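The structure appears below as C-alpha cells.
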Amino acid sequence: MTGNLKENSLHVGVLVILAALFFVVSDYHDGNLARIMVLAVYAVGYNLLFGYSGLLSLGHALFFAAGMYGLGLSMNLLGFAALPALLVGIVFSAGVSAIVGFLALRTSGVAFMIVTLMFAQAGFLTALHFGEYTRGDEGFVIQQASRMIAGIDLSAHANRYFAAFGFFALSYVAVAILVRSPFGRCLVAIRENEERARMLGYDVWMHKYLAVIASGTISGLSGAAYALLFGYAGATFASVQYSILPLLWVLLGGAGTTIGPLIGTAFAFYLIDLASEITTAHLLVVGLTIVLLTLFAPQGISGELRRRGLKWLP
C-alpha cells in the first residue's frame, strides 16, 4: 500500500469512526465528543500556522472569539438567522486575521509571538469594555429557537453531534488537501529553511500571510460553530487561556500532522475529565501527565508513532 493510499485510508477511517461512535457511546460521551470535534477544528487551524508554517502565535483566541462574536452578536443584536450569522462569523474572523497578519508579520520569532499576544489581549479587553453588548465574562446565551439551519434544530442531541462532525470533517479534509498541495509544501519548506525557500524564488511573506488568514479563518469557524451548537458566547473564550490551549493540544497530538490536533484535543479533554473525578487536585495530575508526555514523547502522540515506525503517518 502506497503512502498516499495509507494516508487517505486513515483520513476516511477517522471520519467513519467518529460518525459511528455516536451510535455506540452514551449520551454523556457523545456530548463530549461533539465539543471535542468543534475544539479540534480550532486545533486544526492552529496547527496549520504552527505545525506547518513554524509560526508560534499566542493570539489565536482573538480569531476564535471573532468567529464566536460575529455569529452571536449578529443573531442576538441584528436578528440574523443561523446560516447568515455563521457566514458573518467566518468573514469577520477572516478579516481580523488579515489585519493581524499584515501587522504581525512585520516581526518574526519571539516578537511575532508577543505581538499576536498583544492583539489577543486587546480583543479580550475590547470584549470586556463593550460589556453592554457582549456581557463580558458572564457572556450571553443564544436562544435555542434561533439555532436552526434549513429547519434542522442544531440544539437537538443528534443534530448537534453530526453538525460538529460536519464542521470537523470539512476542516480536517480541507487542511489535509492543503498541506499536500504545492502551497502546503512551500509552507513546510519555509518552516524548515526560510532563507533557502526565499533563494528558490518563493514569496515567503505572502505564503506566511495567507497561512495566517487560513489559520485564523478556520479558528473563527470553530468559534462560530461553538456558539451555534452550544448556545453561548463569552469573553472567557478571548482570554490568554484560549490562546494557549490550541498550542497545548497541537503539541500533545503532534505538530505538523493532520491527525495530531484531534488526538491532542481528545487526550487533554478526557485527561481533565478523568482526573477531576479522582481528585480535587486534578490540575496537578494533568500537569504531571503533560510534563511526562512532553519529556518522553516530545513530538507528540502521533509524532511519536511516526518516529517509531509509522513513517507514512500524515
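Given axes a ≥ b ≥ c from the Cα gyration tensor, I'd like to know whether region 70-115 is rounded (a/c under 1.5), prolate (a/b larger than b/c) or oblate.
prolate
For the chain, what is the calculated [θ] at 222 nm in deg cm²/dmol (nearest 500), taking -39500 (n - 2.57) for each run of four or more DSSP H residues and dividing by its residue count?
When only DSSP H runs of four or more count, the value is -24500 deg cm²/dmol.
Which shape class, rounded, prolate or oblate, goes with region 3-244 when its Cα gyration tensor gives a ≥ b ≥ c as root eigenvalues, a/c under 1.5 marks rounded, and past that a/b bigger than b/c marks prolate?
Working: a/c = 2.23, a/b = 1.22, b/c = 1.82.
Because a/c hits 1.5 or more and a/b fails to exceed b/c, region 3-244 counts as oblate.
Add +1 for every Lys or Arg and -1 for every Asp or Glu among the other residues with Cβ under 15 Å from the Cβ of ALA156, and state the total.
Here the count lands on -1.
Only helices at least 30 Å long along their axis, Cα-based, and averaging 1.6 or more on Kyte-Doolittle count here, so list those DSSP H runs from the chain.
Numbers: long enough: 27-50 (34 Å, 0.67); 82-104 (32 Å, 2.23); 157-180 (35 Å, 1.13); 204-230 (39 Å, 1.16).
Within the chain the helices that satisfy the rule are 82-104.
Under the 0.36 nm per residue contour assumption, what length would be gained going from the current alpha-carbon distance of VAL286 and GLN241 to full extension? It would help to have the intermediate numbers written out before the result.
Values: separation 45, 0.36 × 45 = 16.20 nm, distance 1.54 nm.
Extending this stretch completely gives an extra 14.7 nm.
What shape does region 83-183 take by its C-alpha gyration tensor, where a ≥ b ≥ c are the square roots of the eigenvalues and a/c under 1.5 counts as rounded, a/b above b/c as prolate, and the rest as oblate?
oblate
Determine the sum of side-chain charges near PRO298: Lys and Arg each +1, Asp and Glu each -1, restricted to other residues whose C-beta is under 11 angstrom from that of PRO298.
For residues surrounding PRO298, the net value is 0.
Could you identify which residue out of LEU86, LEU62, LEU21 has the top mean-square fluctuation in a GNM of the chain using Cα springs shorter than 10 Å?
LEU21
How charged is the neighbourhood of HIS207? Take every other residue with its Cβ under 11 Å from the Cβ of HIS207, and add Lys/Arg as +1 and Asp/Glu as -1. Numbers along the way, then the final one.
Details: positive: ARG185, ARG191, ARG198, LYS208; negative: GLU194, ASP203.
Here the charged neighbours net out to +2.
What is the extension gain from ARG185 to VAL12, computed as 0.36 nm multiplied by their sequence separation minus the C-alpha to C-alpha distance, in nm to one decimal?
Result for the pair: 60.1 nm of gain on full extension.
What distance in nm separates the simple spin-label points at GLN143 and ALA81, each placed 7 Å from Cα in the Cβ direction?
Each label point lies 7 Å from its Cα, and together they span 1.6 nm.
Identify which of ILE290, ILE114, ILE17 has the largest mean-square fluctuation in a Gaussian network model of the chain, with springs joining Cα atoms closer than 10 Å.
Maximum fluctuation in the GNM of the chain, among the listed residues, is at ILE17.
Read-outs throughout are calculated quantities, based only on the coordinates presented, and are distinct from any laboratory measurement. These numbers come from a predicted model, not from an experiment. For neighbour counting, all protein chains shown are included, and Cβ atoms are generated from backbone atoms with ideal geometry for every residue, glycine included.
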